[in-house]
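The values are calculated or read from the model by the stated rules, or taken from the named source; none is laboratory data. If you're wondering where the values come from, they're calculated on a predicted model, not measured in any experiment. FYI the Cβ positions are ideal-geometry reconstructions off the backbone, even for glycines, and counts take in every protein chain you see.
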Ligand SMILES: NC(=O)c1ccc[n+]([C@@H]2O[C@H](COP(=O)([O-])OP(=O)(O)OC[C@H]3O[C@@H](n4cnc5c(N)ncnc54)[C@H](O)[C@@H]3O)[C@@H](O)[C@H]2O)c1
């Protein structure tokens, strides 16, 4: 076995996890992706198949992590993240983020490993403070249809802080705001895959509500850069940081930009908004700026063009519409 540091990425065959795997392998880590393939796919990391620094294990984090010889850092990214899955797989999601996080933290205790827990802007719910700083405690419905995701992510944060205090685990939390890029599933229900799929097929783009709700979209390589800085900087035990793009845009404006980037004749149609869909979403990233020297770099149009290229090659999978997230 080489003397390389060993990074474990749960959810490593997913959208964000696979980009994280790319970054870690490029940095010469020995990387193990642990994934149940619930919403990810081995194809997302198949380009590492012949690299002896990389291995992929099909495993559900609701079961304890496999026995590893040593682990230096665990990136805990396993969890379905698509709003359509909040309806179809609520218990699986709740248990992945609760019991699954416990298994990750137990492995961290065993190996004295650092942990980065993937949390979400959903911990802010439908926010009454805008933009949202890390100190904002959120406005989440504990009983609504999004609760199994939102509340289990809040629990994952609470549990990781319990392990910081009780077992001195070096756990850090990243609160991820809407991120997009290649390897998103075309049918995953988030607004950018929806719009791109529809635009590439020449179908009308579906906007839920009047389209005045806002989001801030971060390109995946910018997110991965922030995650790696959060993991690598010393002295951040117990830290929580928003990572996302602050360039806020209405969904109606986004539809216009997508139509432009794809150069499609598609029109826009309007449908009712789903329950608990937040009005506003924009991160306050001053903590990441100050403590990580992090700044997102990829402009929306450039990121959308990259993502559209990726989706073009998967046109046969293109499907219809779902909610905005
Ligand atoms: N993409 C975003 O905009 C966004 C925003 C906020 C938070 N996040 C968080 O980032 C992480 C990755 O999200 P993503 O967008 O890449 O989603 P994704 O669905 O593409 O990736 C999640 C991965 O986790 C795997 N997984 C799910 N449940 C599992 C389980 N029980 N055991 C093992 N593997 C399991 C899936 O198969 C998939 O490969 C998630 O924790 C998500 O909550 C993402």
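Checking the condition surrounded by fewer than 16 Cβ atoms within 10 Å (Cβ to Cβ) and in contact (Cβ under 8 Å) with a residue 24 or more places away in the chain, which residue from 240, 261, 257 passes?
Values: 240 fails: surrounded by fewer than 16 Cβ atoms within 10 Å (Cβ to Cβ); 261 fails: surrounded by fewer than 16 Cβ atoms within 10 Å (Cβ to Cβ).
That would be 257, the only listed residue that is surrounded by fewer than 16 Cβ atoms within 10 Å (Cβ to Cβ) and in contact (Cβ under 8 Å) with a residue 24 or more places away in the chain.
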Scanning the stretch 153-164 residue by residue, the ones that are free of Cβ contacts under 8 Å to residues at least 40 places away in the same chain and closer than 21 Å to residue 71 by Cα total 1
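The rows are residues; the columns are (1) at pLDDT below 95; (2) within 20 Å of the chain's Cα centre (by Cα).
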position: 242; (1), (2): no, yes
position: 245; (1), (2): no, yes
position: 259; (1), (2): no, no
position: 266; (1), (2): yes, no
position: 278; (1), (2): yes, yes
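Based on what the data block shows, is residue 70 more than 21 Å from residue 227 (Cβ to Cβ) and either free of Cβ contacts under 8 Å to residues at least 24 places away in the same chain or in the same structural domain as residue 10 (by TED's automatic domain parsing) (or both)?
Working: more than 21 Å from residue 227 (Cβ to Cβ): yes; either free of Cβ contacts under 8 Å to residues at least 24 places away in the same chain or in the same structural domain as residue 10 (by TED's automatic domain parsing) (or both): yes.
Criteria met by residue 70.
Looking at the stretch 198-225, which of its residues are over 22 Å from residue 284 (Cβ atoms) and crowded, with 22+ Cβ neighbours inside 10 Å? Full working, then the answer.
Filtering the stretch 198-225 for residues over 22 Å from residue 284 (Cβ atoms) gives 198-211.
Correct list: 198, 199, 205, 207.
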Qualifying positions in the stretch 119-152 - touching a residue at least 40 places away in the same chain (Cβ under 8 Å), within 18 Å of residue 176 (Cβ to Cβ) and in contact with a helix residue (DSSP H, G or I) (Cβ under 7 Å, 6 or more places away or on another chain): 119, 120, 123, 125, 132, 134, 146, 148, 149, 152
Residues located in the stretch 234-257, provided they are out of contact with any strand residue (DSSP E or B) (no Cβ under 7 Å at 6 or more places or on another chain) and part of a helix (DSSP H, G or I): 253, 254, 256, 257
Out of everything in the stretch 70-84 that is more than 8 Å from the ligand (Cβ to nearest atom) and over 12 Å from residue 8 (Cα atoms), what residue ends up being surrounded by the most Cβ atoms within 10 Å (Cβ to Cβ)? 83
Mind checking whether some residue in the stretch 26-36 is closer than 28 Å to residue 189 by Cα, near the ligand (Cβ under 9 Å from one of its atoms) and free of Cβ contacts under 8 Å to residues at least 40 places away in the same chain? yes
For the stretch 1-36, which positions are surrounded by fewer than 20 Cβ atoms within 10 Å (Cβ to Cβ), touching a strand residue (DSSP E or B) at 6+ places or on another chain (Cβ under 6 Å) and part of a helix (DSSP H, G or I)? 25
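Residues that are more than 13 Å from the ligand (Cβ to nearest atom) and outside the structural domain of residue 252 (by TED's automatic domain parsing): find the helices (runs of 4 or more DSSP H) completely inside the stretch 90-207 holding 3 or more of those. Walk me through it before giving the result.
Numbers: elements: 90-111, 147-167, 191-201.
Answer list for the stretch 90-207: 90-111, 147-167.
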For the stretch 37-56, does any single residue satisfy the condition of being within 21 Å of residue 108 (Cβ to Cβ), in a loop (DSSP other than H, G, I, E, B), within 16 Å of the chain's Cα centre (by Cα) and within 10 Å of the ligand (Cβ to nearest atom)? no
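Is it the case that residue 16 is over 21 Å from residue 218 (Cα atoms) and either more than 15 Å from the chain's Cα centre (by Cα) or within 9 Å of the ligand (Cβ to nearest atom) (or both)?
Values: over 21 Å from residue 218 (Cα atoms): no; either more than 15 Å from the chain's Cα centre (by Cα) or within 9 Å of the ligand (Cβ to nearest atom) (or both): yes.
Spelling it out, it is not the case that residue 16 is over 21 Å from residue 218 (Cα atoms) and either more than 15 Å from the chain's Cα centre (by Cα) or within 9 Å of the ligand (Cβ to nearest atom) (or both).
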